[in-house]
Amino acid sequence: MEKAREVLVIGGNRYFGKRLIARLLTAGDRVTVLNRGSSAPPAGAAHLIADRDDEAALRTALGPRTFDVVVDQVCYTPRQAAIARRVFTGRTGRYVMTSTVEVYEYEDSADLVGEAAVDPVAVPVDLELPWDDPEFLDTHYGEGKRQAEAVFAAPGPELPYAAVRVAHVLGGADDFTGRLQHYADRIRAGEPIAVPAANHPATYIHVDEIAGFLHWTVGQDFTGPVNAASHGLLTTQELCAAIAAHLPSGRTVLRTVEVGETSPFSFARAYGMANSRAERLGFTFGDVRRWLPQAVAETLGKDN
């Protein structure tokens, strides 16, 4: 029988984070959840309370604890990454950071984008930017993740890390983003859905699939960035069609806009992710068109 792993999850209060914790516990791992105390962890997990932005408080909360793996679900800035690297170097054998497809926000490629398109070693880091400003952070989400990856990738004391670049996540009754609901509300009312003139398809992953991928990653030893995305690309039209199937009295009206805000999941650039590295490492992804109807049904429920 394999020895139970000591796993720390930073964040993980909701959505695929709580699914990851459930999988770890089911597998027999000893799980500790660290957050600011806003919610209790699932039964069976230990709980540490600290603000991860406060290095002294983080060290105090951790005490002498060490871990086989740390999974960081809420690292958004290079400052947070720098604190984590200082605190966890020598304290864990592996650090898994949840990153995002948005690190490729400056790509515009008809081909699926591989990890080498954004090399974290080459990304400049600026710790003096106003990362504590919520509005700045919201508008620089991709940049914050890029620079956080760069901090973990930089030369220095060894901290083996992996950065999981997560595709757009769909599914689950607990989808808190409201993005599918945005489409459902407009289709039900027959209101226009704003899309860019050049509207490109994108890569997605089901909420349970990304939880499974992160759980699998905990048990691996690869390092560096890795893309996590289901096979296949979805257009806005396909997404709308899947939603409209639940709203027989609704009407889908796409309105092209040259400037201004567009609907979620409509993209003026092409940057679908290639998942070949993860599959070479041994993970098998599903096909987005196979699970899309289920994901829409889970999120919209009977009320729609």
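The values are calculated or read from the model by the stated rules, or taken from the named source; none is laboratory data. Model, not experiment: these values are computed from the prediction. So basically every Cβ, Gly included, is an ideal-geometry build from the backbone, and we count neighbours across all protein chains shown. Ligands, DNA and RNA are excluded from the accessible area calculation, which covers all protein heavy atoms including side chains. Shrake-Rupley method; radii C 1.70, N 1.55, O 1.52, S 1.80 Å.
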State whether the residues of the stretch 199-213 include one that is modelled with pLDDT of 95 or more, in contact with a Gly (Cβ under 9 Å, 6 or more places away or on another chain), under 22 Å from Gly12 (Cβ atoms) and open to solvent by 50 Å² or more (accessible area, probe 1.4 Å). yes
By residue number, the members of the stretch 1-17 that are crowded, with 19+ Cβ neighbours inside 10 Å and under 19 Å from Ile205 (Cα atoms) are Gly12, Tyr15, Phe16, Gly17
Of everything in the stretch 151-160, what is open to solvent by 20 Å² or more (accessible area, probe 1.4 Å) and touching a strand residue (DSSP E or B) at 6+ places or on another chain (Cβ under 8 Å)? Give them in sequence order. Ala153, Pro160
Using the structure shown, decide if Arg186 is at negative phi and under 23 Å from the mean Cα position of the chain (by Cα). no
Restricting to the stretch 166-187, what's the tally of residues that are of a type in the set (A, V, I, L, M, F, W, C) and in a loop (DSSP other than H, G, I, E, B)? 3
Determine which member of the set Glu298, Glu279 is open to solvent by 30 Å² or more (accessible area, probe 1.4 Å), among the acidic types (Asp, Glu) and in contact with a helix residue (DSSP H, G or I) (Cβ under 9 Å, 6 or more places away or on another chain). Glu298
Checklist (1) of a type in the set (Ser, Thr, Tyr); (2) modelled with pLDDT under 95; (3) within 17 Å of Asp175 (Cβ to Cβ) applied to Ser249, failing item: (3)
Among the residues of the stretch 56-79, the number that are of a type outside the set (Gly, Ala, Ser) and open to solvent by 20 Å² or more (accessible area, probe 1.4 Å) is 10
Within the set of pairs 6+ apart or on separate chains, which have a first residue in the stretch 58-70 that is within 14 Å of Arg36 (Cα to Cα), a second that is assigned to a loop (DSSP other than H, G, I, E, B), and C-beta atoms under 7 Å apart? Leu58/Ala50; Leu58/Arg52; Ala61/Ala50
Can you run down the residue pairs with Cβ atoms below 8 Å, 6 or more apart or on separate chains, where the first is in the stretch 83-107 and among the basic types (Lys, Arg) and the partner is open to solvent by 30 Å² or more (accessible area, probe 1.4 Å) and in a helix (DSSP H, G or I)? Arg86/Glu55
Qualifying residues in the stretch 133-150 (those that are within 26 Å of His231 (Cβ to Cβ) and surrounded by 20 or more Cβ atoms within 10 Å (Cβ to Cβ)) - the one nearest to the chain's Cα centre (by Cα): Lys145
Restricting to the stretch 133-145, name every residue that is touching a residue at least 12 places away in the same chain (Cβ under 8 Å) and either of a type in the set (Lys, Arg) or assigned to a loop (DSSP other than H, G, I, E, B) (or both). Lys145
The one condition in (1) crowded, with 18+ Cβ neighbours inside 10 Å; (2) closer than 22 Å to Leu112 by Cβ; (3) in contact (Cβ under 8 Å) with a residue 60 or more places away in the chain that Ala242 fails to fulfil: (3)
A careful count of residues in the stretch 42-57 that are in contact (Cβ under 8 Å) with a residue 24 or more places away in the chain and not hydrophobic (A, V, I, L, M, F, W, C) gives 4
Would you point out the residue of the stretch 252-287, among those that are under 20 Å from Tyr104 (Cα atoms) and hydrophobic (A, V, I, L, M, F, W, C), that is farthest from the chain's Cα centre (by Cα)? Ala268
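If only one of Ala228, Ala184, Ala194 is under 30 Å from Gly282 (Cβ atoms), in contact (Cβ under 8 Å) with a residue 12 or more places away in the chain and open to solvent by less than 50 Å² (accessible area, probe 1.4 Å), which one is it? Full working, then the answer.
Details: Ala184 fails: under 30 Å from Gly282 (Cβ atoms); Ala194 fails: under 30 Å from Gly282 (Cβ atoms).
None of the other options fit; the residue is Ala228.
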Answer yes or no: is there a residue in the stretch 161-180 that is open to solvent by 50 Å² or more (accessible area, probe 1.4 Å), closer than 21 Å to Tyr141 by Cβ and not β-branched (Val, Ile, Thr). yes
Residue list for the stretch 80-107, filter: surrounded by 20 or more Cβ atoms within 10 Å (Cβ to Cβ), of a type in the set (Gly, Ala, Ser) and out of contact with any strand residue (DSSP E or B) (no Cβ under 7 Å at 6 or more places or on another chain): Ala81
